[in-house]
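See structure below.
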Amino acid sequence: MKLSSYDLDPETKINWKVFSLIAPFLVEHRIRIGFALICLVASKGASVSAPFVLKHIIDDLSEGGVSDLVLIPLSLILIYGFARFSMILLGEIRDTIFGRVTERAMRKIGLKVFKHLHNLDLEFHLERRTGGLSRDIERGINGISFLMRFFVFNIVPTLLEILLVAGLLFYNYGAPFAVIILLAVMAYISFSLATTDWRTQFVRQTARADSKANTICVESLLNYETVKYFSNEDYEANRYDNSLERWESAKRKDRLSLLGLNSGQALIIAIAMVLLMWLAAERVQDETMTIGDFVLVNAFMVQLFMPLNFLGFVYREIKGWSANIENMFALLAVEPKLDLNTNASDLELARGVVSFNCVSFSYNKNRPILREINFSMMPGQQTAIVGASGVGKSTLIKLLFRFYDPDSGRILIDNQDIKKVNINSLRRVVGIVPQDAVLFNDTILENIRYGCPDASEKDVSQAIDLAHLKDFIESLPEGLGTIVGERGLKLSGGEKQRVTIARTILKNPTIIIFDEATSSLDSKSESMISAALRDISKNRTCIVIAHRLSTIVNADKILVLKDGLVSENGTHSQLLALKGHYHELWKIQARQ
Ligand SMILES: Nc1ncnc2c1ncn2[C@@H]1O[C@H](COP(=O)(O)OP(=O)(O)O)[C@@H](O)[C@H]1O
Ligand SMILES: [Mg+2]
């Protein structure tokens with residue numbers, strides 16, 4: 001709950017727009033909502049009728065002279081009980097019906113945001129990758145639930161009841177009673193809202209301090225090993241205690257301001273109560289009102305102000321949650337920068353010839369990474385890309401996979417500009433074993449199967465063989481069922497790479513790319529994998545990015561990237577004969 005007020009500026013206003021954002025997701029439930037509204041009105045009807053029944057019971061009892069002394073109050077008492085019961089029952093029915101509507105809306109909106117996020121660019125995700133997105137979604141969705149609950153189950157019924165009661169009092173006893181009640185309610189509401197706005201800063205400080213303390217605690221425990229390396233337990237404890245101290249003092253202000261709010265509210269109620277009862281008492285003395293009427297007025301007061309008790313809290317929550325919902329809908333408003341062409345025609349794959357025509361690219365205008373790169377890669381061949389770290393090798397791959405579009409120039413597959421074809425058809429035929437492989441926290445089997453969820457068992461074991469994973473898996477007590485840990489952290493770098501290789505082999509793409517996929521392997525496994533890569537690349541266009549030149553000496557073509565250009569290209573022996581950059585790199589590595 002405290003999450004909600006955390007980001008809240010005291011100046012924030014309730015954002016009414018969120019209702020119009022949510023509304024489209026509710027229309028499909030028109031009938032349910034209508035029924036819930038009927039229950040709402042009926043429940044309030046029962047609720048305001050109860051005090052009237054009470055009045056008659058009391059009047060009957062106090063008159064005393066009635067002949068059916070036992071019979072009349074008894075039937076009235078039964079009616080009274082029934083009214084109380086149906087008020088609660090109808091309220092519960094309304095909540096149940098409406099809860100279903102809310103949950104469906106939450107599900108639909110959540111799914112919509114999730115799909116939308118998957119459609120956004122890599123760039124967007126690289127900038128936002130701090131768990132912030134999932135928090136936005138979670139808060140937004142919970143916000144819908146809270147908003148609906150407070151509004152439909154709290155604010156609207158209470159307002160309805162206030163109007164009903166004021167109307168009935170006016171009708172039965174004249175203006176003074178209705179006016180006092182309405183004035184009291186208005187005073188109560190304005191006081192609560194104003195005080196709540198003022199208090200929000202303390203609530204916010206408390207939440208900030210709380211989250212700060214939490215962060216310190218989590219960070220410190222996450223860095224358990226580092227803390228021990230430097231024997232900094234006391235330092236950490238101090239830091240934690242300092243933040244707890246801030247939390248404690250913020251909490252004190254929070255509590256004191258709550259005291260102010262609650263006592264102010266109580267004072268307003270008490271004044272209204274005194275006025276009303278005084279007025280009623282006088283009329284009882286004049287005999288223009290009965291004792292029953294007196295009790296009725298009193299019962300209404302209690303009944304009305306009870307739900308208003310939470311008004312300050314509800315008001316702040318609604319402000320907070322409406323801001324959260326707005327944040328979530330703001331995500332939906334982010335447009336992907338890349339045109340995904342999901343309606344364009346599919347890539348028509350012939351043999352898988354890849355060519356880069358004058359491709360220039362920069363992540364940041366001031367720092368060009370690739371300048372007018374030209375080359376092609378042929379099917380059935382292995383093309384290697386080498387060059388210093390940071391020269392832009394992985395960037396080439398990201399362009400081919402359309403995580404980004406080139407600033408100028410075109411990338412063609414079988415003579416079709418990849419920018420113009422349906423992106424899904426492009427990504428189906430390109431398989432990448434990425435440089436920094438990440439796995440799902442699931443079993444090895446599921447991670448490999450991710451490459452092609454409906455692959456047969458035979459295909460899976462073939463992929464495992466090709467990736468030289470078999471011995472490793474057999475050495476595990478739980479074999480393929482071994483859980484790999486978060487992001488695959490329970491596997492060594494080399495094991496993880498081989499799992500991702502198997503996963504990509506299973507996908508069976510026509511164009512297959514290994515981005516330094518063997519960099520964490522020892523020389524023996526590396527040469528085995530390199531042999532496997534040759535097998536795999538027989539009928540495909542195979543691109544190998546390698547740091548260690550020894551792994552690509554047999555490639556059909558080697559492109560040497562330098563300063564954003566292909567500075568040299570040819571086979572290993574041709575390049576050595578050139579005595580250029582490649583020759584230099586080769587000499588340096590040979591020496592090591
Ligand atoms: N998303 C990004 N935003 C900005 N700069 C990036 C991004 N990704 C990579 N770079 C920069 O682009 C350059 C090329 O990166 P990369 O293609 O990964 O090099 P490598 O040849 O080692 O694979 C590097 O200097 C890197 O810092
Ligand atoms: Mg790289």
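The values are calculated or read from the model by the stated rules, or taken from the named source; none is laboratory data. These numbers come from a predicted model, not from an experiment. Counting neighbours? That spans all protein chains shown, and the Cβs are built from the backbone with ideal geometry, glycine included.
Inside the stretch 374-401, residues that are more than 31 Å from the chain's Cα centre (by Cα) and either near ligand 1 (Cβ under 10 Å from one of its atoms) or assigned to a helix (DSSP H, G or I) (or both) make up a count of 10.
Within the stretch 352-361, being away from ligand 2 (no atom under 16 Å from the Cβ) and either in a strand (DSSP E or B) or aliphatic (A, V, I, L, M) (or both) holds for V353, V354, S355, F356, N357, C358, V359, S360. Note on the stretch 490-517: residues that are away from ligand 1 (no atom under 16 Å from the Cβ) and touching a His at 6+ places or on another chain (Cβ under 8 Å) total 1.
L311 - would you say it is over 29 Å from the mean Cα position of the chain (by Cα) and either in contact (Cβ under 8 Å) with a residue 40 or more places away in the chain or within 23 Å of F150 (Cα to Cα) (or both)? No: the conditions fail for L311.
Of all residues in the stretch 431-467, those satisfying the criterion of being within 16 Å of ligand 1 (Cβ to nearest atom) and either among the acidic types (D, E) or buried (at least 19 other Cβ atoms within 10 Å of the Cβ) (or both) are I432, V433, D436, A437.
Conditions tested, residue by residue: (1) over 20 Å from L279 (Cα atoms); (2) crowded, with 17+ Cβ neighbours inside 10 Å.
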position: G167; (1), (2): no, no
position: F170; (1), (2): no, no
position: F177; (1), (2): no, yes
position: I181; (1), (2): no, yes
position: A184; (1), (2): no, yes
position: T200; (1), (2): yes, yes
position: V203; (1), (2): yes, yes
position: T206; (1), (2): yes, yes
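Residues in the stretch 533-592 that are out of contact with any Ser or Thr (no Cβ under 8 Å at 6 or more places or on another chain) and in a strand (DSSP E or B) were compared, and the one that is farthest from ligand 2 (Cβ to nearest atom) is G570. Going residue by residue through the stretch 92-100, is there one that turns out to be closer than 17 Å to F25 by Cα and basic (K, R)? Yes - at least one qualifying residue is present in the stretch 92-100. Picking from L296, L331, L338, which residue would you name as being in a helix (DSSP H, G or I), under 30 Å from L426 (Cβ atoms) and among the aliphatic types (A, V, I, L, M)? Exactly one of L296, L331, L338 is in a helix (DSSP H, G or I), under 30 Å from L426 (Cβ atoms) and among the aliphatic types (A, V, I, L, M), namely L331. If I filter the stretch 440-453 for residues that are within 16 Å of ligand 2 (Cβ to nearest atom) and at pLDDT below 90, do I get at least one hit? No: zero hits. Exactly one residue out of R427, R351, R371, R410 is in contact (Cβ under 8 Å) with a residue 12 or more places away in the chain and either among the acidic types (D, E) or within 16 Å of ligand 1 (Cβ to nearest atom) (or both), and it is R371. Could you pull out the residue among V560, V499 that is more than 28 Å from V460 (Cβ to Cβ), modelled with pLDDT of 80 or more and under 44 Å from the mean Cα position of the chain (by Cα)? None of the other options fit; the residue is V560.
Restricting the stretch 368-408 to residues that are away from ligand 2 (no atom under 16 Å from the Cβ) and of a type in the set (D, E, K, R) leaves a set whose member that is surrounded by the most Cβ atoms within 10 Å (Cβ to Cβ) is R402. If you go through the stretch 162-203 and pick out every residue that is aromatic (F, W, Y) and within 14 Å of I268 (Cα to Cα), you end up with 2. Applying the criterion of being touching a residue at least 12 places away in the same chain (Cβ under 8 Å) and of a type outside the set (V, I, T) to the residues of the stretch 257-272, the residue that is surrounded by the fewest Cβ atoms within 10 Å (Cβ to Cβ) is G260.
Residue pairs whose Cβ atoms lie under 6 Å apart, separated by 6 or more positions or on different chains, with the first residue in the stretch 380-403 and under 15 Å from V433 (Cβ atoms) and the second near ligand 2 (Cβ under 10 Å from one of its atoms) and part of a loop (DSSP other than H, G, I, E, B), are K393/G387; S394/Q435. Within the stretch 321-373, being among the small types (G, A, S) and more than 23 Å from the chain's Cα centre (by Cα) holds for A344, S345, A350, G352, S355, S360, S362.
The set of residues in the stretch 477-520 that are in a strand (DSSP E or B), of a type in the set (A, V, I, L, M) and surrounded by 21 or more Cβ atoms within 10 Å (Cβ to Cβ) comprises I511, I512, I513. When L349, L331, L340 are checked against the criterion of being under 18 Å from E123 (Cβ atoms) and in contact with an Asp or Glu (Cβ under 9 Å, 6 or more places away or on another chain), a single residue qualifies: L331. Checking D515, D522 one by one, the residue that is of a type in the set (D, E, K, R) and under 36 Å from the mean Cα position of the chain (by Cα) is D515 and no other.
Among the numbered conditions (1) closer than 15 Å to M301 by Cβ; (2) of a type outside the set (F, W, Y); (3) surrounded by fewer than 17 Cβ atoms within 10 Å (Cβ to Cβ), the only one that S190 does not meet is (1).
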